[in-house]
Amino acid sequence: MIGISVAVKWVSLPMLGFIVWRSLRQLKLWQTVCIAIIGILPMILAALPFCQSSACPLIPTSSVFVSYGRSAEFIPHFVAQIWQPSLQTNSLYAFPLALFVIWLTLRATRFQQFADWYWFGLLILTPIIHFWYFTWIIPFSVPSQNWGARLISLSAFIYFVLPSRVPDWRLMGSERLVLWLPFILGWLWTTVAHSSNSHQKLS
């Protein structure tokens, strides 16, 4: 299933990487190789129709919107308020996301924990958000009953003001807060609650 999700949208790739890493850490070499091959095969097969002799463009970097477009973003919006040159390229955010994924891979003990936090980090860091991106996190947030995922299902409707503003595809400050604050505050609430429950069990 992870392999199919990678084929549909390559942003699922770090989750496959975590499973491969966990298997490798357990010194299950043949299992690691099999997981990697089976997991990456759907993406390779899906990419073949788009490949030419010189390149396989999985990411349409030639697209102006992909390169420096913005859509309902959170952290990149505030970075741009402080540092205007950040608006010139979206690839800037690949570096902090990569650092976050590496840190999370080394720290997470369970796949569900990794997936939960990976999607959270990706959503708040990506410069381009479409309302359906929030659905990615829902299946992984059900076991933890995450309030951030619950609340974003209510506040995500704010996104739909954007199509009425074409070509000025931007949220107002108040709209951005209404969209994002329920998600982030709900996430923090769940994290603190789970941490408190863990401490109580240990004591």
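The values are calculated or read from the model by the stated rules, or taken from the named source; none is laboratory data. All values reported here derive from a predicted model rather than from experimental measurement. All Cβ positions, even for glycine, are placed from backbone atoms using ideal geometry, and neighbour counts span all protein chains on display.
Please verify whether the range 53-72 includes one or more residues that are crowded, with 17+ Cβ neighbours inside 10 Å, modelled with pLDDT of 80 or more and within 15 Å of the chain's Cα centre (by Cα). Yes.
Exactly one residue out of Leu99, Leu104, Leu125, Leu188 is surrounded by fewer than 17 Cβ atoms within 10 Å (Cβ to Cβ), under 25 Å from Val20 (Cβ atoms) and of a type outside the set (S, T, N, Q), and it is Leu99. Pairs meeting the criteria (first residue in the range 72-85 and closer than 17 Å to Asp168 by Cβ, second residue of a type outside the set (Lys, Arg) and in a helix (DSSP H, G or I), beta carbons under 6 Å, at least 6 apart or on different chains) are Ala72/Tyr159; Ala80/Ser86; Ala80/Leu87. The set of residues from the range 13-46 being in contact with a helix residue (DSSP H, G or I) (Cβ under 7 Å, 6 or more places away or on another chain) and of a type in the set (Phe, Trp, Tyr) comprises Phe18, Trp21. If the condition is being crowded, with 16+ Cβ neighbours inside 10 Å and more than 23 Å from the chain's Cα centre (by Cα), then the range 20-50 contributes only Thr32. Restricting attention to the range 90-139, the residues being under 18 Å from Tyr159 (Cα atoms) and either in contact with a helix residue (DSSP H, G or I) (Cβ under 6 Å, 6 or more places away or on another chain) or among the aromatic types (Phe, Trp, Tyr) (or both) number 11.
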